[in-house]
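Notes to accompany the following structure.
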Amino acid sequence: RFADDGILHCRTEKEATELLRKDMQERVDYVNKQSKTYNLQLSQNQFDGLFDMVFNKGNILTPGSADFFKSIVNGDSDDVILEGFLQWNKVTVNGVKQFSLGVWRRSYDSAEIFLYGDYTRDDNREPK
């Protein structure tokens with residue numbers, strides 16, 4: 001339930017868990033649908049990397065809206081796919097998009113899950 005502050009408030013832990021479960025299932029269904037639409041046969045880590053991107057950034061799996069997804073559909077090299085993931089590195093502050101190191105790191109982590117099955121976070125990584 002949304003309060004006057006626009007924030008979703010749950011009354012119980014069970015309600016919060018159900019909301020999270022529903023939200024996650026919607027993202028799973030979306031990744032599955034897009035994978036089928038673009039005839040992608042995903043390994044578990046590839047699915048997980050795409051899920052991570054979608055869960056954190058929204059329903060972005062279309063070749064027109066996400067270069068990394070276009071690269072995946074086209075079968076491009078790992079380097080090209082990584083660069084596509086890393087383009088998702090901004091937040092909006094006062095209506096202006098700006099680089100966010102945290103978002104960049106999260107996108108890098110999603111790419112490493114997708115490309116290499118590496119689920120380890122590296123919070124010390126810096127852009128080159």
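The values are calculated or read from the model by the stated rules, or taken from the named source; none is laboratory data. Everything numeric here is computed off the predicted structure, so don't read it as measured data. Cβ atoms come from the backbone with ideal geometry, glycine included; neighbour counts cover every protein chain shown. We work out accessible area using only protein heavy atoms, side chains counted, and drop any ligands, DNA or RNA first. Shrake-Rupley method; radii C 1.70, N 1.55, O 1.52, S 1.80 Å.
If I filter the range 116-125 for residues that are under 18 Å from Gln34 (Cβ atoms) and part of a loop (DSSP other than H, G, I, E, B), do I get at least one hit? Spell out the reasoning first.
Filtering the range 116-125 down to residues under 18 Å from Gln34 (Cβ atoms) leaves none.
Checked the range 116-125: no residue is under 18 Å from Gln34 (Cβ atoms) and part of a loop (DSSP other than H, G, I, E, B).
Taking Trp88 as meeting all but one of (1) of a type outside the set (Lys, Arg); (2) modelled with pLDDT under 95; (3) under 20 Å from Glu112 (Cβ atoms); (4) part of a helix (DSSP H, G or I), write down the number of the exception.
Trp88 satisfies every listed condition except (4).
What number of residues within the range 70-105 satisfy the criterion of being touching a strand residue (DSSP E or B) at 6+ places or on another chain (Cβ under 9 Å), open to solvent by less than 50 Å² (accessible area, probe 1.4 Å) and not β-branched (Val, Ile, Thr)?
4
Only residues that are surrounded by 16 or more Cβ atoms within 10 Å (Cβ to Cβ) and of a type in the set (Phe, Trp, Tyr): list them for the range 22-69, please.
Tyr30, Phe47, Phe51, Phe55, Phe68, Phe69
Quick one: count up the residues across the range 36-65 that are among the polar types (S, T, N, Q) and farther than 26 Å from Lys90 by Cβ. Talk me through it step by step, then tell me what you get.
Filtering the range 36-65 for residues among the polar types (S, T, N, Q) gives 37, 39, 41, 43-46, 56, 59, 62, 65.
Among the residues that remain, those that are also farther than 26 Å from Lys90 by Cβ are: 37, 39, 41, 43-44.
Here the count works out to 5.
Could you check, for the range 32-44, whether at least one of its residues is of a type outside the set (Lys, Arg), outside any loop (DSSP other than H, G, I, E, B) and closer than 16 Å to Phe85 by Cβ? Explain how you work it out, then say what you get.
First pass over the range 32-44, keeping only residues of a type outside the set (Lys, Arg): 32, 34-35, 37-44.
Going one step further and asking which of them are outside any loop (DSSP other than H, G, I, E, B), we end up with 32, 34-35, 37, 44.
From the residues that got through so far, the ones that are closer than 16 Å to Phe85 by Cβ too are 34.
Among the residues of the range 32-44, at least one is of a type outside the set (Lys, Arg), outside any loop (DSSP other than H, G, I, E, B) and closer than 16 Å to Phe85 by Cβ, which makes the answer yes.
Give the range 54-70 a look and list any residue that's part of a helix (DSSP H, G or I), touching a Leu at 6+ places or on another chain (Cβ under 9 Å) and over 14 Å from Met24 (Cβ atoms), or say none.
Phe68, Phe69
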